[in-house]
Each structure stands twice: as C-alpha cells, then as structure tokens.
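The values are calculated or read from the model by the stated rules, or taken from the named source; none is laboratory data. Predicted model only: the values in this text are computed from it and were never measured. With ideal geometry, Cβ positions are generated from the backbone for all residues, glycine too; neighbour counts draw on all protein chains shown. Keep in mind that these areas ignore ligands, DNA and RNA; they rest on the heavy atoms of the full protein, side chains included. Shrake-Rupley method; radii C 1.70, N 1.55, O 1.52, S 1.80 Å.
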Amino acid sequence: MRTAEPFSQKCFARTASNDAASQNVCLNLVRNNDKENFLCTLLLKNPERRSALAVRAFNVEVAKVSAKVSAGNVGVMPLKFWDDTVGTLYRDHGINAPEHPVIHELRRAINEHKLTKMYFQRLVSSRTNANLNFLTVKQLEDYAEHSVSSVLYLLLEVHGMRNVQCDHAASHLGKAQGIVNLLRSIPYQTRRNAVPIPQEILMAHGVNQERMVRNRKDDKGVEEVTFSLASVAFRHLETAKGLMKTVPRPVKPIFLPSVVIERFLHRLRLANFHLTDPNVMRTDSLLPLVLYWRKLRGSY
C-alpha cells in the first residue's frame, strides 16, 4: 500500500512553488517595465538580487498606478492599497498582507533584511504628484529623492550597508536619475499634459509649456531649458561619482545606473540637447555589454 506523502513535505513543496512563481513575476515585471534598471539589477549577486528585484517590482507597481492617473482623484484608491499594504507588511511579520506575488517577495525581503518602512512610504507618497507639477528645481529634486533615491537606499540595506557616505552617493545618484527620467518623458507628452520642468527654469528662459511640447529643433529657448535641467542632473551625477570612490566594493554594483545616466547625457549633448533627436531616443543596444564591462572593471 502506498504511503501518503508527509504533510510537512507537501507544505515545503507548495511553498517552494509559490516562491519560484513570485520570483518570476517580480523578474518579468521589472524586465518589461524598467529595462535599464533590470539590466543593472541582474548584475547583483544572489541572494541580494532576489530582494532587489522585489523592491524594484514594488516600485514598478506603484509607478504603474501613478502613470494611469491623469487628474483629480482617479487612482487614489490603488495608491492607498499599496500604502496600506506597506503598513500591513510591518505588522506581525506581514502575515496578514494581501496575497500577491510582489507582496509575497517583499515580505520575505523586509523580514530578512529589516528594510526601512519609511523608504517604501516615500515611494508611494511621491506618486501622489501624478501630473509632476514643480515650481522650483528644489521641488523636482525632492521628488527624485523620494521616488528614485529611496530605491537605492533600500538596495543598500538589502546588502546590509547602512553608511552615511553610501547614502550620500545614493541620494545624488537618485536625483540625477530622477531628473533624467523626466527629461526622457518629455517627447511623449501631449499638449494636454504639463511637461515636468520646474516653472522657474521655464520662466528664466522665457519658454512656455506649449513650446516644450512642440520641441522644435530650431527653438533655442527649448534647447536652453533642456540644457539647464540636464546640467542639474549632471552635477548630481558628478557628485555621486566622486562619493562612489569611497563606497565599499561589494556594494558598488548598486550604483551601475550611473552608467545609464552618463551615456544618456552624453548622447543628449552630442544632439545639442534636442530631446527628440533619434540618437537620443534610441535604445542603447550596447548597454548590457557596457554595464557588464564596467562592473568587471569596478568603474562607475
């Protein structure tokens, strides 16, 4: 007579299956929605890579909600779901958190690495400014700090690194990446949308929203606005690279997004800061190879 499979063995197999499925969901979510950061994350070592993908998958889910919000209170409830979920994950080891592949992986990462709750809350709260209206450069920098630097802080914690110099480097790199992300989004805006450029920069160069959306190649004012904002990103990138010299080698791969930013700003400069130039908008086909080579050399 066949002996029944032990209950504990069944539970173990089921748990392993759920873990694998959740990991695949996180991996595909980041790969399909955040390709450049996905390539950078792949170059992290396991087991930290798994937790890093969970953090980035959470950020993708929150960003997707924000992208669907065009005006008013549309999307507030989905954002509240993720905000409430963060709270639940930090109560009783997250045993009452909703069943969801990303939440499943995030719960494991939070419990294993003791990740800071505030950074997840910032990722959610930063998305409430769905239309990305900024009056000053400082407001834009604060948005980038909360929506991008927070991810880097969490990746540092995944690697067990809580260090002031590392945090300073992550802060500046996140600001540079956040500003570059907004620059790259401008060609996809429509005349109904406000471009995510601080009003103080537009006013300084006498350029309005309409001209930024048109983005004509012969419009010197638009070129100057783009140059001004790219210069802010470049300064943060250079500060981050200076601080990275003191970052411990085991966590340096976390800062690989600096390579992505550097290459974009270089293409933008060669195109005279014209955001819709084909060489600026194209996919960087050499990026996977460059990232791998820069990681081997430890050059960020």
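Applying a threshold of 6 Å to beta carbon distances and a minimum spacing of six or more residues, or different chains, the list of pairs starting in region 113-135 at a residue that is under 23 Å from His159 (Cα atoms) and ending at one that is open to solvent by 30 Å² or more (accessible area, probe 1.4 Å) and not hydrophobic (A, V, I, L, M, F, W, C) reads Lys117/Tyr90; Arg122/His146; Val124/Asp83. Within region 62-73, identify whether any single residue is closer than 30 Å to Arg263 by Cβ, open to solvent by less than 20 Å² (accessible area, probe 1.4 Å) and not small (Gly, Ala, Ser), and answer yes or no. Yes, region 62-73 has at least one match. Residues that are over 20 Å from the mean Cα position of the chain (by Cα) and either part of a loop (DSSP other than H, G, I, E, B) or hydrophobic (A, V, I, L, M, F, W, C) (or both) within region 248-279 comprise Pro248, Leu268, Leu270, Ala271, Asn272, Phe273, His274, Leu275, Thr276, Asp277, listed in sequence order. If you take the residues of region 194-231 that are open to solvent by 10 Å² or more (accessible area, probe 1.4 Å), in a helix (DSSP H, G or I) and among the aliphatic types (A, V, I, L, M), which of them is modelled with the lowest pLDDT? Residue satisfying both the conditions and the ranking: Val213. Mind checking which residues of region 35-52 are farther than 20 Å from Ile261 by Cα and either open to solvent by less than 30 Å² (accessible area, probe 1.4 Å) or out of contact with any Ser or Thr (no Cβ under 7 Å at 6 or more places or on another chain) (or both)? Matches in region 35-52: Lys45, Asn46, Pro47, Glu48, Arg50, Ser51. Among the residues of region 266-300, those identified as open to solvent by 20 Å² or more (accessible area, probe 1.4 Å), of a type in the set (A, V, I, L, M) and either touching a residue at least 12 places away in the same chain (Cβ under 8 Å) or within 30 Å of Lys220 (Cα to Cα) (or both) are Leu270, Met281, Val290. A single entry from Leu182, Leu173, Leu237 fulfils the requirement of being assigned to a helix (DSSP H, G or I), at pLDDT below 95, under 17 Å from the mean Cα position of the chain (by Cα) and surrounded by 14 or more Cβ atoms within 10 Å (Cβ to Cβ): Leu182. Of the residues Arg235, Arg211, the single one that is of a type in the set (Lys, Arg) and closer than 20 Å to His266 by Cα is Arg235. Within region 80-136, the set of residues being of a type in the set (A, V, I, L, M, F, W, C) and either surrounded by fewer than 17 Cβ atoms within 10 Å (Cβ to Cβ) or on the phi > 0 side of the Ramachandran plot (or both) comprises Phe81, Ile95, Met118, Leu132, Leu135.
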